[in-house]
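What follows is a set of notes on a single structure, which appears directly below.
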Amino acid sequence: QAADLDGSHRADPERLAADLAVLRDHGYLALALPVRFGGAGLNLAEVACAQRQLAARAPAAAWAVNAHHAWVGAAADALASGDVTDPGPGWVLGQAARGRIFPSYGAGGDLETPHVIPPATEGSPLLAGMYAWGLALVGMTSYAIARRMFELAVARAERAGLSLDRWPVAEASLRLDDMRGRLDEVIGSWRRRVAAGGGLTTMDPGRLGLIREFTVRHVAADGAERVAGLAAVIADGTVAAARA
């Protein structure tokens with residue numbers, strides 16, 4: 001179960017391929033693509049919400065499409081910022097509109113696409129957006145899987161007649177709340193920068209946005225792994241094992 005949290009777990013190839021086909025057929029891979037390119041035009045907060053729901057039901061599929069959403073969403077934000085000096089955003093959106101799927105974190109082969117990184121200028125809005133979208137979506141996927149494990153553990157404990165008035169339940173709840181709060185803060189910060197226009201480069205002087213994005217990603221990964229351990233304790237009631 002811990003492997004699910006860091007993205008190293010690989011689902012059955014046939015099932016993953018089937019899940020990805022369903023997502024593609026229902027337009028899920030075009031969620032972040034602007035409407036004028038034929039997509040849904042969702043922003044980072046909205047795509048993160050969709051990924052949170054997907055990860056709770058099909059973790060491997062969520063991991064597989066994180067980077068695709070990140071590249072497309074970053075390109076949409078870069079284009080919206082008015083920066084036309086970098087050809088990368090237009091190229092990404094054009095390719096996505098033609099059905100191209102960008103490689104995912106650790107699962108590019110599952111998407112049947114070669115690893116070619118979209119063209120981008122160092123320190124450009126496209127790369128800044130890729131960090132913001134990519135780290136936020138990966139963090140949200142970890143959070144969603146951990147929350148689902150917690151919910152299943154609580155349900156099992158209830159069926160077994162175990163008390164939920166125990167420290168593992170409280171700690172898991174607090175960690176999940178902290179993870180979600182930090183993720184929402186980073187996502188909201190990026191959305192405000194996009195809405196303000198400009199100021200999206202990775203080298204923005206005096207800003208700590210990129211550091212916060214990496215920090216929250218690690219907080220989500222560490223928190224999710226801890227919640228996974230607590231979920232096992234909650235489900236079987238072995239409190240002593242968690243203290244060891």
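The values are calculated or read from the model by the stated rules, or taken from the named source; none is laboratory data. None of these values were measured; they are calculated from a predicted model. Virtual Cβ from ideal backbone geometry, glycine too; neighbours counted across all protein chains shown. SASA here: full protein model, heavy atoms, side chains in, ligands and nucleic acids out. Shrake-Rupley method; radii C 1.70, N 1.55, O 1.52, S 1.80 Å.
A quick yes/no check of all residues on (1) within 26 Å of the chain's Cα centre (by Cα); (2) modelled with pLDDT of 90 or more; (3) over 30 Å from residue 32 (Cβ atoms):
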residue: 158; (1), (2), (3): no, yes, yes
residue: 183; (1), (2), (3): yes, yes, no
residue: 193; (1), (2), (3): yes, no, no
residue: 225; (1), (2), (3): yes, yes, no
From 234, 211, residue being farther than 17 Å from residue 130 by Cβ and either modelled with pLDDT under 90 or open to solvent by less than 80 Å² (accessible area, probe 1.4 Å) (or both): 234
In the range 115-150, residue modelled with the highest pLDDT [restricted to those that are part of a loop (DSSP other than H, G, I, E, B) and hydroxyl-bearing (Ser, Thr, Tyr)]: 124
Residue 52, sole failed condition from (1) at pLDDT 95 or above; (2) of a type in the set (D, E, K, R); (3) more than 25 Å from residue 152 (Cβ to Cβ): (3)
The range 51-65, residues that are buried (at least 20 other Cβ atoms within 10 Å of the Cβ) and farther than 19 Å from residue 14 by Cα: 51, 52
